[in-house]
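The values are calculated or read from the model by the stated rules, or taken from the named source; none is laboratory data. Treat the numbers as computed from the prediction; the structure is a model and nothing was measured. Positions of Cβ are generated from backbone atoms using ideal geometry, with glycine treated the same way; all protein chains shown enter the neighbour counts.
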Number of protein chains: 2
Amino acid sequence: MKRRNLLKAGGVGALALGASASAKAADDKVFNWKLVMSWPKKFPGLASSMDWFVDEIKKISNGRLNITLYGAGELVPAFEVFNAVSDGTAEMGHGTPYYWKGKITEAEVFTSVPFGMEAQEFNSWFIEGDGQKLLTEVYKPFGVKPFLGGNTLTQMGGWFNKEINSIEDLKGLKIRMPGIAGEVYKMSGASPVSIPGAEIFTSMQSGVLDATDWVGPWNDLAFGLQKAAKYYYNGWQEPSAFMEILVNEKVYETLPSDLKDLLDIMTFALNQRVMSEFKRNNAISLKTLIDKYKVQIRSFPKEVILSFKANTEKYLDEFANKSELAKRIIDSYRTYLAEQIEASKNRMQIEQYRLLP
Amino acid sequence: MKRRNLLKAGGVGALALGASASAKAADDKVFNWKLVMSWPKKFPGLASSMDWFVDEIKKISNGRLNITLYGAGELVPAFEVFNAVSDGTAEMGHGTPYYWKGKITEAEVFTSVPFGMEAQEFNSWFIEGDGQKLLTEVYKPFGVKPFLGGNTLTQMGGWFNKEINSIEDLKGLKIRMPGIAGEVYKMSGASPVSIPGAEIFTSMQSGVLDATDWVGPWNDLAFGLQKAAKYYYNGWQEPSAFMEILVNEKVYETLPSDLKDLLDIMTFALNQRVMSEFKRNNAISLKTLIDKYKVQIRSFPKEVILSFKANTEKYLDEFANKSELAKRIIDSYRTYLAEQIEASKNRMQIEQYRLLP
């Protein structure tokens, strides 16, 4: 029974109105939802703010929206999160678009684009530009609504047991690299290998892999990759990596409007918090990797970067030809990026100045 | 009368409990608060998300927390916002710490530090590091609590009618420049002038000013500064500029815990939204300034930057000697910044790569 009716039933409706002035009665219906994640519970950065996320929603809604978290594999496997939200197995999900690229052609560019937008730029495209509108259109046929859900910030280029001094060195390179970057490595002559995360460490030690990507200093240090590889390369492939909160559209529509707003606001807050966490812990972890583990930082030579860049543009051109929607996504992304690159020069200069003695 | 008592009075307490399952009754007390700002209502970037901020709080609280906005001068002048929150004239404020530096010695470094943290770094220091804790300590004697409230992102170096090609060119330069940067200009031989914002335009045209700072491309274009100056310099002085939401501590403590949490979460969301707005509009406006108004972008020569940098460090050293708390603030800021500078190299490389043909 809803509170409004309840009060009426109790015959105190008029009194309630007088007592609460302009406050309108909240709809007291309780929602008990499941949220499935593409990563383990409490996984550093990716999931470490999720308990806070659901706790705050519960507290602010006064227990009207209770969300139970499920880590990868607890209710559905990591890559089934989107399907689970789409078919209503879970009301909500937390993942990243390129995990569903086998099912949804247009999804992958929303996670990250090599040489593309960094996190602040991506957030701005998502909120102020057309990013969220376009991803909503992509997911619409599946009855899923996408929201902000955090960002890993700029990822490192990965761990290598072989130095890359020329394009020639990429030939046959056995590298684990998901997303668009994996395709670009392939176009540049490497041999991308697809193996589960759990096998990365031993594969690097046994030589099944020459190189691997993971996330960034915080997660890489926790994973112990510094013990399995010699060189840690600066990145080019993921200037940022977007995580998304997914909500089943039908159940979303059953929420009263105050809870819809709360959910929306909480995704902004989650995004801000996840980034702040990555920012701090990546910096501390990189220092540990360099100072304590004597990890050697390397950068790709210019000819390799130019090859990666040309192949990225080629990949995006082909991507844009996949559908009318894909073309609109690439056009919107490229226009926004071009404006941001011009505008970033001012900040870049300050960051250069900071390095002066 | 509170809803809990009200229900009891109506004799339907048990029924209510049964109907709402685990949802506990929200405290129905209504709070009608005032929020005074250091800028006009709807001022681009600084205030343009504030209507959304108070609307969302009202909607999510179901009308239990109603905040009325007052632009600068409507209830109190711009620089009196902190005092108004401290003495309870208004329950909340929106401003920036260096506006209160005449009253509170330790405040100014929280707005911005030349060659210091950019916005993501500052947010991380504020949330994950000691930033918010330290500012809370600074404001504690005045009964004011500080929260996130947006960031202008990296500011430009300002508008000049005289090219700066050497340290010699700074001698006697009549520049309007607030904050630490104004002090640094003075230490470097310039003659900072303090004039109200409303007089900037005519002062630039009449030669009373040789140069002036404002905010960034979005606000500068709206202000029309491109019509009053020849050169637009890249920045060094404000890698980011923090805005704060202020709450009177005593009235904050009268809020039920769900509204306290809502307020806290909304400041995260506000911060995310303000940054996204600046990111987009600064980029678009810079393009307009360059393409349409043929504004000439300049960078300070290295010897000038090195002088600014040395004087900034000197200023911060002196600042740290002002009090035990000032020393802890500077130590915390510098430690965090040093870690972030090392970690920023990876992202900086990607931003350099993006500029390649």
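Of the residues making up the stretch A:307-339, those that are in contact (Cβ under 8 Å) with a residue 12 or more places away in the chain and under 25 Å from A:Ser166 (Cα atoms) are A:Ser307, A:Phe308, A:Lys309, A:Asn311, A:Thr312, A:Lys314, A:Tyr315, A:Leu316. Taking the stretch A:77-107 as the range and being of a type in the set (Val, Ile, Thr), surrounded by fewer than 22 Cβ atoms within 10 Å (Cβ to Cβ) and touching a strand residue (DSSP E or B) at 6+ places or on another chain (Cβ under 9 Å) as the test, only A:Thr89 passes. Each residue in the stretch B:316-357 was checked for being β-branched (Val, Ile, Thr), away from chain A (no Cβ under 11 Å) and over 21 Å from B:Lys140 (Cβ atoms), and 0 of them qualify.
Just wondering, is there one or more residues in the stretch B:109-126 that are farther than 22 Å from A:Asn271 by Cβ and of a type in the set (D, E, K, R)? Among the residues of the stretch B:109-126, not one is farther than 22 Å from A:Asn271 by Cβ and of a type in the set (D, E, K, R), which makes the answer no.
Just one of the listed residues (A:Tyr232, A:Tyr185) is outside any helix (DSSP H, G or I), aromatic (Phe, Trp, Tyr), modelled with pLDDT of 95 or more and not assigned by TED's automatic domain parsing to the domain that holds A:Val274, namely A:Tyr232.
A single member of A:Arg273, A:Arg298 is at pLDDT 95 or above and under 24 Å from the mean Cα position of the chain (by Cα), and it is A:Arg273. As for the stretch B:171-178, it holds at least one residue that is basic (Lys, Arg) and surrounded by 17 or more Cβ atoms within 10 Å (Cβ to Cβ). Taking the stretch A:244-287 only, how many residues are more than 7 Å from chain B (Cβ to nearest Cβ) and buried (at least 24 other Cβ atoms within 10 Å of the Cβ)? So the answer is 7. All of (1) acidic (Asp, Glu); (2) assigned to a loop (DSSP other than H, G, I, E, B); (3) modelled with pLDDT under 95 hold for B:Glu199 with one exception: (2). Kindly check whether there is at least one residue in the stretch A:61-72 that is modelled with pLDDT of 95 or more, crowded, with 24+ Cβ neighbours inside 10 Å and either among the acidic types (Asp, Glu) or over 30 Å from B:Glu56 (Cα atoms) (or both). No - not one qualifying residue is present in the stretch A:61-72. Give the residues of the stretch A:138-158 that are part of a strand (DSSP E or B), within 14 Å of chain B (Cβ to nearest Cβ) and in contact with a helix residue (DSSP H, G or I) (Cβ under 8 Å, 6 or more places away or on another chain), sorted by residue number. Passing the criteria: A:Phe147, A:Leu148, A:Gly149, A:Gly150, A:Asn151. Number of residues in the stretch B:27-78 that are more than 14 Å from chain A (Cβ to nearest Cβ) and on the phi > 0 side of the Ramachandran plot: the value is 2. Against the list (1) buried (at least 18 other Cβ atoms within 10 Å of the Cβ); (2) outside any strand (DSSP E or B), the condition B:Asn165 fails is (1).
Hey, any hits in the stretch B:292-306 for a residue that's closer than 30 Å to B:Ala229 by Cα, of a type in the set (S, T, N, Q), more than 8 Å from every other protein chain (Cβ to nearest Cβ) and touching a residue at least 40 places away in the same chain (Cβ under 8 Å)? Looking through the stretch B:292-306, at least one residue is closer than 30 Å to B:Ala229 by Cα, of a type in the set (S, T, N, Q), more than 8 Å from every other protein chain (Cβ to nearest Cβ) and touching a residue at least 40 places away in the same chain (Cβ under 8 Å). Here's a check for you: in the stretch B:190-237, which residue that is of a type in the set (Asp, Glu) and out of contact with any Gly (no Cβ under 7 Å at 6 or more places or on another chain) is farthest from the other protein chains (Cβ to nearest Cβ)? For the stretch B:190-237, the residue satisfying everything is B:Glu199.
Any residue that is free of Cβ contacts under 8 Å to residues at least 40 places away in the same chain, of a type in the set (S, T, N, Q) and touching a Phe, Trp or Tyr at 6+ places or on another chain (Cβ under 9 Å) - is there at least one of those in the stretch B:196-214? Taking every residue of the stretch B:196-214 in turn, none turns out to be free of Cβ contacts under 8 Å to residues at least 40 places away in the same chain, of a type in the set (S, T, N, Q) and touching a Phe, Trp or Tyr at 6+ places or on another chain (Cβ under 9 Å).
For the stretch B:61-106, a residue qualifies if it is within 18 Å of B:Glu249 (Cα to Cα) and acidic (Asp, Glu), and the qualifying residues are B:Glu80, B:Asp87, B:Glu91. Only one entry of B:Lys230, B:Lys294 meets the criterion of being surrounded by fewer than 17 Cβ atoms within 10 Å (Cβ to Cβ) and farther than 27 Å from B:Val184 by Cβ, and that entry is B:Lys294.
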